[in-house]
Amino acid sequence: MLRSVAYTYQGPPPVRALKPTNLVIYRGEHVAITGPSGSGKSTLLNLLGLLDRPTQGTIEIEGIDVGAAPERERAAVRAHHIGFVFQSFHLLPYRTSVENVMLAQVYADQPRRRRRNAAMAALAQVGLDQRAHALPTALSGGERQRVAIARALVNRPSLLMCDEPTGNLDTATTLELIELLGSLHQSGTTLLVITHNPVVAGRAQRQIAIRDGELTELEPAASAQTARPARAGGAEQTAEQPPLTEPTELIRPVNPGTAARDGDTSVLPEGDPGAFPDW
C-alpha cells in the first residue's frame, strides 16, 4: 500500500516524477498500469518493487513500513516475495535455461541441493521444461521471456511485477504470453503489469493510467477511458477521472476466490510463518 508516496529525482533542477499518491493492491489482484514514456511508470515500478525509496510517504506491506526498512531487510523481501520480469529478458547468454532460473535462488539463499529441482518445476510451470538445457541464443523471443518468468516464479513470490513483458515479442507470441500471465493469476499470483499494449492491459481486473506523475483508475473496458469513482467512507466521488492522489485511500474489493480478508491490503500470503524477515 502506498500512502502519500512521491518521488523526486535530485537535480539540478529537481524533477518530480511521482506526485503524492495513495494506492492499494490486494492479494490475488491483476493490475495493469499504462501511460506514455516519461509519465512515471518506471519510477512507480521501482518504488513498488523496493528498488528505490520514496522521497515522501510510506510503502507498507501488512502494515509494515518497508519503504523505511534497512536495506538488508528490503533485499530479503525482494528476494523472497517479489518476482521481476523485464522487457529485455536479462538472461546470462552462456548459461542454460535452468541455470538462469537457478540464479534467482542464489539471491534468496535457497539450499544448493534444492535449486535444480525447483528451477525445473518453474520451467515446467511456464511450459518450457523441455528446453531446460538450451542456451538463450538457441531460444526464440517468446521462449526467452518464459525463462525470465520462470526465474521470477522460482522463489514462489507473492507479487509478480512485469515491466513491458511483451515489448520485444511479435503478435502471436504476445497472445501466448497473455494466456500464460492469465493462468498464473488464476493460480493465485498477484500480478502488476506495466504495458503500452491495450490488449495486455485489457486482461487485467484493474487498469490504472499514469500521466505526469499522477495516477487515475480507469473503467474495466479500456475503450471507456473513464475513471471509476474512488470510495471513501462509503461515499462515492463522482468527479470525472479523479486522480489517485486524493488524501483518502483507494479501496477496491477483494478478488473473488482469493483468501484475502475484507480490508486486507497485503500482497503477501497469509499464514506463512516465513512470510516476513525478523523485523
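Counting only residues that are buried (at least 16 other Cβ atoms within 10 Å of the Cβ) and either free of Cβ contacts under 8 Å to residues at least 60 places away in the same chain or within 18 Å of the chain's Cα centre (by Cα) (or both), how many does the stretch 8-20 have?
Here the count works out to 2.
So R211 ticks every box in (1) at pLDDT below 90; (2) over 18 Å from the mean Cα position of the chain (by Cα); (3) at negative phi but one. Which box is left unticked?
With (1) at pLDDT below 90; (2) over 18 Å from the mean Cα position of the chain (by Cα); (3) at negative phi applied to R211, the lone miss is (1).
Can you name the condition, by its number, that A204 falls short on among (1) without any contact (Cβ under 8 Å) to a residue 40 or more places away in the chain; (2) over 27 Å from R95 (Cβ atoms)?
Every condition holds for A204 apart from (1).
Return a yes/no flag: does the stretch 177-188 have any residue that is surrounded by 23 or more Cβ atoms within 10 Å (Cβ to Cβ) and farther than 26 Å from Q105 by Cβ.
no
State whether one or more residues within the stretch 164-178 are within 23 Å of G40 (Cβ to Cβ), part of a strand (DSSP E or B), in contact (Cβ under 8 Å) with a residue 12 or more places away in the chain and of a type outside the set (A, V, I, L, M, F, W, C).
no
Which residue pairs have Cβ atoms closer than 7 Å, lie 6 or more positions apart in sequence or on different chains, and pair a first residue in the stretch 26-53 that is more than 15 Å from D163 (Cβ to Cβ) with a second residue that is among the β-branched types (V, I, T) and part of a strand (DSSP E or B)?
What qualifies is R27/T190; G28/T190; E29/T190.
Condition test on R115, is it crowded, with 19+ Cβ neighbours inside 10 Å, of a type in the set (K, R) and within 18 Å of the chain's Cα centre (by Cα)?
In short, no.
The values are calculated or read from the model by the stated rules, or taken from the named source; none is laboratory data. Fair warning: this is a prediction, and the values are worked out from it, not measured in the lab. All Cβ positions, even for glycine, are placed from backbone atoms using ideal geometry, and neighbour counts span all protein chains on display.
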